[in-house]
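This report concerns only the one structure given below.
Every read-out reported here was derived from the displayed coordinates using simple, explicitly stated rules and does not represent laboratory data. Predicted model, so just to flag it, every value in this text is computed and none were measured. With ideal geometry, Cβ positions are generated from the backbone for all residues, glycine too; neighbour counts draw on all protein chains shown.
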Protein chains: 2
Amino acid sequence: MAEPYFRRIMADIRARIASGEWPPGHRLPTTVAMRDHYRAAFGSPTLTNSTVRQGVTLLIEAGVLRGQQGQGVFVAD
Amino acid sequence: MAEPYFRRIMADIRARIASGEWPPGHRLPTTVAMRDHYRAAFGSPTLTNSTVRQGVTLLIEAGVLRGQQGQGVFVAD
DNA sequence: GACAATTTGTCCGTATGTATT
DNA sequence: CAATACATACGGACAAATTGT
């Protein structure tokens, strides 16, 4: 396990933010949509919401993202 | 759910560190021991390792703790 | 070196709660 | 009220690193 999935997810999200693809205030895809995306991207057909959440939670804690219940997860300012 | 369990666990660990009870380099109790402790402390007989880990992981990410696989979790310097 | 025991690390699957639309 | 979407928690499985026998 070179890099665990949740870290690869964190890195991917950070990269999109750094590149400007996801600017501050941008709403990320839903948890389920990201799950499906990373399932395809990583070739891991069993990757779960839980793993996506693990990465997202750490980025929220780090202040990179902002979760708003019922609405979505956004790039912090 | 005023404060979720994993946040209460984080707060408790931070408080022990701040008070000097757990100085830098101190080894924390094992995940299972902490699970049992917080089950009693919070009166939640079903609190799991996963929930303890969630709090510990966030504190590791924040640089407060340092996890060493096979050995233990320690207070960072 | 081989092996088991211990402990942290990652991941899966499910259930339920809470907030917004 | 219903649908959507994030938030927390449970419980189990297996992998990886360390230590001791």
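Listed values, structure above:
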quantity	calculated
Hey, A:Arg16 over 26 Å from B:Val64 (Cβ atoms), more than 9 Å from the chain's Cα centre (by Cα) and surrounded by 13 or more Cβ atoms within 10 Å (Cβ to Cβ) or not	yes
Residue count, segment A:10-34 (criterion: of a type in the set (Ser, Thr, Tyr) and either touching a Lys or Arg at 6+ places or on another chain (Cβ under 6 Å) or over 12 Å from A:Val73 (Cβ atoms) (or both))	1
Residue tally, condition over 14 Å from B:Arg8 (Cβ atoms), in a helix (DSSP H, G or I) and either away from chain A (no Cβ under 13 Å) or of a type in the set (Ser, Thr, Tyr) (or both), over segment B:37-66	3
Residue selected from segment B:68-77 under the condition assigned to a loop (DSSP other than H, G, I, E, B) and on the phi < 0 side of the Ramachandran plot, by the criterion surrounded by the most Cβ atoms within 10 Å (Cβ to Cβ)	B:Ala76
Where B:Arg7 falls short, out of the listed (1) loosely packed, with under 15 Cβ neighbours inside 10 Å; (2) closer than 28 Å to A:Val56 by Cβ; (3) over 11 Å from the mean Cα position of the chain (by Cα); (4) within 14 Å of DNA strand D (Cβ to nearest atom)	(3)
Matching option when the condition is crowded, with 18+ Cβ neighbours inside 10 Å, over 10 Å from the mean Cα position of the chain (by Cα) and more than 7 Å from DNA strand D (Cβ to nearest atom), among A:Leu58, A:Leu47, A:Leu65	A:Leu47
Segment A:27-37, subset surrounded by 15 or more Cβ atoms within 10 Å (Cβ to Cβ) and away from DNA strand C (no atom under 13 Å from the Cβ), residue nearest to A:Gln71 (Cα to Cα)	A:Leu28
